[in-house]
There are 2 protein chains.
Amino acid sequence: MAAKSVRAGAEVSLSKQRVVTEAIRLADTEDVARLSMRRLANELGAGVMSLYYYVANKDELLDAMIDVVFDEIELPADPAGWKAAMRQRAVSARQVLARHPWAITLMESRTAPGPANLRHREAVFACLRKAGFSVEMATHANWLLDSYVYGYALQEASLPFDTAEEFADIGEDVFMPQLPPDQYPYLHEGAATLLAAGYDPADEFTFGLDLILGALEVLAAAP
Amino acid sequence: MAAKSVRAGAEVSLSKQRVVTEAIRLADTEDVARLSMRRLANELGAGVMSLYYYVANKDELLDAMIDVVFDEIELPADPAGWKAAMRQRAVSARQVLARHPWAITLMESRTAPGPANLRHREAVFACLRKAGFSVEMATHANWLLDSYVYGYALQEASLPFDTAEEFADIGEDVFMPQLPPDQYPYLHEGAATLLAAGYDPADEFTFGLDLILGALEVLAAAP
DNA sequence: ACTATGCTCGTACGGTGTACTATTTGTCAA
DNA sequence: TTGACAAATAGTACACCGTACGAGCATAGT
């Protein structure tokens, strides 16, 4: 009575692919905290325990999700020179992490790097080495750039606004009241000034990134 | 049969202080994932629901924990100049976050900053403004420094080793086998070189930090 | 003595990950 | 066609989680 090779409620059969993809969709739309095996199974029109045929446990699912996210980040394109390559890769990483804010948090404590993660690191390291960075200097540059990108994404994810307009809207009603001028004079002045000037957080990332890239220049020729 | 004003098993009475402190101890020693209200109550020799007299819910407990962590970070000491002040406070922040790795991840999604958090930001902003940074430039510097510190702490927390010796021990047995030279030639070469050179990750943080501080110098006088 | 208030906690409910077991389905040999 | 076996799906149960609700206790104030 059931269709030939298709279960009722599931238009296509399960696969690790489908499980992981749907899990990412759920984490993106709802919160990652609301991603449970039951909810995920339900969304896939499957029984809970069916998931465990494709995924050993929830931790492995999270690992797989993270590796997919890593795969979305553009690899550095060497021809343009290391600086442009690193810049473009950092910008791409930030975009991806902004799209999947739960991934930033999840990277921690997850010690086993997936294949996409390693492939990415290899490409970055190769780009820097070919540009003349020594192993030590390439390591320094790598730490510095990654720290900035992850830290920025982390802070950005905890911001209650995304665009300049949202900042302008929320700032007056929510931000300023939290900063009484007698207790926090400098923060108060700073927030007021930025609000008045129509501060746009969109350019904040590239500003710091370019500053770092400039500082890294001296490392390219260092031993 | 019970002591006068003291419950059996609890040598002192409960307080928000004690609840939060013990929660931090638990998160530090075990993992933050293993911090549950039941376990926490047990550790305090109290009933589970007693905790809810001092804390509205677990989220509020986590907020309080984070603010205590913030309070552990040294405030910048202006007299030494903005550069030294920012350097010392970044070093302190990294130490604190290394001691409480769970806090890094927790800062995200927790939108309401606690009093210690605000006090800290005020001190940093004040230091930069007094040093001649404009509001815009101080904001840039703040974002850049915080991103680096948090990102570095995040990466550091996911490392399986802490010291140079641990790196040397683990590197040979665990790291290298994950990096076959045919698939990841540059990573393989890099890891091998660092291992042979006795690479010490302890200095990595200050290296990048000083590079950033140097780059920030030009911002001090910019509009 | 009586009440009020501050504090503690047991029980219960709906959620979680997943071990164990059972069932259905697809494939191929005889 | 039938049987057998493996691949795939799922139900049930258990231990754990956060916490709503309300009952109890000790002390202070009257």
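Every read-out reported here was derived from the displayed coordinates using simple, explicitly stated rules and does not represent laboratory data. If you're wondering where the values come from, they're calculated on a predicted model, not measured in any experiment. Cβ atoms come from the backbone with ideal geometry, glycine included; neighbour counts cover every protein chain shown.
Things worth noting here:
- Computed FRET value (nearest 0.05) for A:THR111 with B:ARG18, which takes r as the C-beta separation and R₀ as 45 Å: 0.85
- Residue-level result for chain B: its Cβ closest to the axis carrying B onto A, with that distance in Å, is B:GLY151, 1.
- Shielding score for B:134-145, defined as the mean number of other chain Cβ atoms within 10 Å: 5
- The phi-based Karplus calculation (6.51 cos²θ - 1.76 cosθ + 1.60; θ = phi - 60°) puts the 3J(HN,Hα) values of the stretch B:38-47 at 5, 4, 4, 4, 4, 5, 8, x, 10, x Hz, whole numbers, x for Gly and Pro.
- Simple label model, 7 Å out from Cα along Cβ direction - B:ASP182 to B:ALA222, nm: 4.9 nm
- Inter-copy label distances for A:PRO160: 4.2 nm (label point placed 7 Å from Cα along Cα→Cβ; shortest first).
- A label point on B:ARG34, set 7 Å along the Cα-to-Cβ line, lies at 3.1 nm from each of its counterparts in the other copies, closest listed first.
- Cα gyration tensor shape for the stretch A:48-175, rounded if a/c is under 1.5, else prolate or oblate: oblate
- In this simple spin-label model, placing a label point 7 Å from the Cα along the Cα-to-Cβ direction at both B:ASP210 and A:SER50 gives a separation of 6.0 nm.
- Shielding by partners - mean other protein chain Cβ count within 10 Å, residues of B:191-201: 2
- Computed from Cα positions, the angle between helix A:115-130 and the longest principal axis of chain A comes to roughly 30 degrees.
- Convex hull volume of the stretch B:15-73 per residue (C-alpha atoms, cubic angstrom): 72 Å³
- Here the stretch B:12-41 and the stretch A:53-74 have alpha carbon centers that stand 31 Å from each other.
- Backbone geometry of the stretch A:20-30 corresponds, through the Karplus equation with coefficients 6.51, -1.76 and 1.60 at θ = phi - 60°, to 3J(HN,Hα) couplings of 5, 4, 5, 4, 5, 4, 5, 5, 6, 6, 8 Hz, x marking Gly and Pro.
- Residue-wise HN-Hα coupling along the stretch A:53-64, computed from phi with Karplus coefficients 6.51, -1.76, 1.60 (Hz; x: Gly, Pro): 7, 9, 9, 4, 6, 5, 4, 5, 4, 4, 4, 5
- Percentage relative contact order, chain A, counting C-alpha pairs under 8 Å, at least six apart: 18 percent
- Centre separation in Å (Cα based) which lies between the stretch B:83-124 and the stretch A:148-223: 16 Å
- Cut-off under 5 Å, modelled amide H: who pairs with A:GLY45 long-range: none
- Nearest-first distances (nm) between copies at A:GLY45, label 7 Å from Cα via Cβ: 5.9
- The protein assembly as shown shape via C-alpha gyration tensor axes, a/c threshold 1.5: rounded
- In range of the label at A:ASP59: residues from the stretch A:95-111 whose backbone nitrogen is under 18 Å from the point 7 Å along Cα→Cβ: A:105-111
- Cα shape, chain A, gyration tensor, a/c 1.5 rule: oblate
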